[in-house]
Every structure is written in C-alpha cells, then in structure tokens.
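Written out below as structure tokens is the structure these notes cover.
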Amino acid sequence: MRTVLIVNPKGGCGKTTVAVNLAAGLAHRRHSVKLWDLDRQRSSLQWLAIRPPAAIRIERLDNKTPDGLPGKEPAGEPWVVLDTPAGLHGKNLAHALKLAQKVLVPLQPSVFDMAATRDFLAVLAEEKAIRKHRADVGVVGVRVDFRTRAAVTLVEFLKQFDLPVVATLRDTQTYANAAFNGLSVFDLPPHLGERDVQEWAPLLEWVERAS
C-alpha cells in the first residue's frame, strides 16, 4: 500500500477536508483508495458512510462497508489516505510517519496556525523517517485568499522552510456543501467544482510522483 499521511497538531486546520478530497481525487484518477481515520471523531469515516452509492468507490481501511459487512477488495495496489487527530506527537507520530510515503501538512493563513505549525515542522524535520528520506513532506495552503494580508504572511512564513507548497486551496463553502452529502469537489458538476478541481491538480501530481 502507498500511504499519504495528513498531519498537523493544530485542530481545525482542514485535515479532514484535505483527506476526503484527496481520497476522492485519487479515486477519480482511477486509483484504488482506502481511508484510514485515527481521530476519535471519525469524521472521515462519517463522510464515507453517507457517500452516495453512485459515487466513485472509496474503501475503509478495514475493508468494511458502512453497515459493518466485509467489502470487496479493490484491484491493484491501493492508496491509503490517513487522517490524523490534533495533537499527534511522540511515538504515535513516529509510527504514523513510518507508514507514509507522502506527508501533507495542511496550513491556514492565521497567526495561530502558523505559530503551532512552526514548532511542528521543526519536530518533523528531526523524525528518522524524514531524515532518511523515506517520506516526502509537502505543505498545502487551506482557505487561502490571495487578496488578504494573511495570505501574503503565509507565503513569507513558508519561505523559511525547505518544503514545497504543493497547492493552495481557496476559501470557499464548496467543500462544506459537498461534504454534507458525502461528496468531494471531484464529484460535483463542472459548473460547481471545476475551479477547485483545477487547484488540486498539482497536489495530486505531487502525491502520484514516486518518492
């Protein structure tokens, strides 16, 4: 399995939004995809449970359908998108990093998110899996409006780290509206989701690129 770890110790930074939309984006690119949710709230799996039967298939990691019955194993080597809780650190973080080939850090343009993430990125750089280049790390800007001073501050903040900003996602209610129905921006009609799908293109290409 190829695993993408979505991680940031700051709560409310958009981890689950990134996780479910990444899973859907990979599935729409004809990959077999499984969602794994370590958060006690299980928000990613709740989204999966209300996903319409007609939507493109995404599996739970435990390979069970929402009613608890075994599901059919998808063909090919699956991608695993791993959603994590706030405050992941220490041995739990180290274990999660060992599983991952790609690590995505969602980051919002706020002083609180940047302050919390600064310390986390320093810790991340010291983890053995990162030092030995077993996992690629990238940042995804979430709820970014480039017309604001906060967005400019975010860009300046990230210059101090030797990490790629693989994508920036605009501040829009499209994600929340889609999630209410178990959908992603990739599942929406083009007139509703096309702009957001375009913003995801470089992120998906970065994930698919071999480490």
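Considering (1) under 12 Å from residue 186 (Cβ atoms); (2) surrounded by 18 or more Cβ atoms within 10 Å (Cβ to Cβ), the lone condition that residue 29 does not fulfil carries the number (2). Of the set (1) without any contact (Cβ under 8 Å) to a residue 40 or more places away in the chain; (2) touching a Leu at 6+ places or on another chain (Cβ under 8 Å), all apply to residue 90 but (2). Residues that are within 19 Å of the chain's Cα centre (by Cα) and more than 22 Å from residue 205 (Cβ to Cβ) number at least 2 in the following helices (runs of 4 or more DSSP H) confined to the range 124-190: 174-179. Restricted to the range 191-211, and to residues there that are hydrophobic (A, V, I, L, M, F, W, C) and within 17 Å of the chain's Cα centre (by Cα), the residue that is surrounded by the fewest Cβ atoms within 10 Å (Cβ to Cβ) is 201.
The residues on offer are 17, 65, and the sole one that is modelled with pLDDT under 85 and either farther than 25 Å from residue 164 by Cβ or surrounded by 13 or more Cβ atoms within 10 Å (Cβ to Cβ) (or both) is 65.
Hey, can you tell me all the residues within the range 166-211 that are among the polar types (S, T, N, Q) and either touching a Gly at 6+ places or on another chain (Cβ under 6 Å) or under 24 Å from residue 78 (Cα atoms) (or both)? Matches in the range 166-211: 168, 184, 198, 211.
Conditions first: (1) surrounded by 14 or more Cβ atoms within 10 Å (Cβ to Cβ); (2) free of Cβ contacts under 8 Å to residues at least 12 places away in the same chain. Residue 173 passes all but one, so which condition is the exception? Of the numbered conditions (1) surrounded by 14 or more Cβ atoms within 10 Å (Cβ to Cβ); (2) free of Cβ contacts under 8 Å to residues at least 12 places away in the same chain, the odd one out for residue 173 is (1). Return a yes/no flag: does the range 148-163 have any residue that is touching a strand residue (DSSP E or B) at 6+ places or on another chain (Cβ under 9 Å) and at pLDDT 90 or above. No, the range 148-163 has no match at all.
Would you please name the residue that is farthest from residue 37 (Cα to Cα), looking only at residues in the range 81-102 that are part of a loop (DSSP other than H, G, I, E, B) and in contact with a strand residue (DSSP E or B) (Cβ under 7 Å, 6 or more places away or on another chain)?
Filtering the range 81-102 down to residues part of a loop (DSSP other than H, G, I, E, B) leaves 84-89, 100-101.
Retained after the next criterion (residues that are in contact with a strand residue (DSSP E or B) (Cβ under 7 Å, 6 or more places away or on another chain)): 84, 100-101.
Details: 84: 6, 100: 14, 101: 17 Å.
For the range 81-102, the residue satisfying everything is 101.
For the range 17-54, filtering for residues that are farther than 10 Å from residue 83 by Cα and among the aromatic types (Phe, Trp, Tyr) leaves 1. Sub-9 Å Cβ pairs linking a first residue in the range 29-40 that is touching a residue at least 60 places away in the same chain (Cβ under 8 Å) to a second residue that is aliphatic (A, V, I, L, M), at least 6 apart or interchain, are 29/204, ordered by first then second residue.
The values are calculated or read from the model by the stated rules, or taken from the named source; none is laboratory data. Values in this document were obtained by computation on a predicted structure and should not be read as measured data. Please note: Cβ atoms are built from the backbone with ideal geometry, for glycine as well, and neighbour counts cover all protein chains shown.
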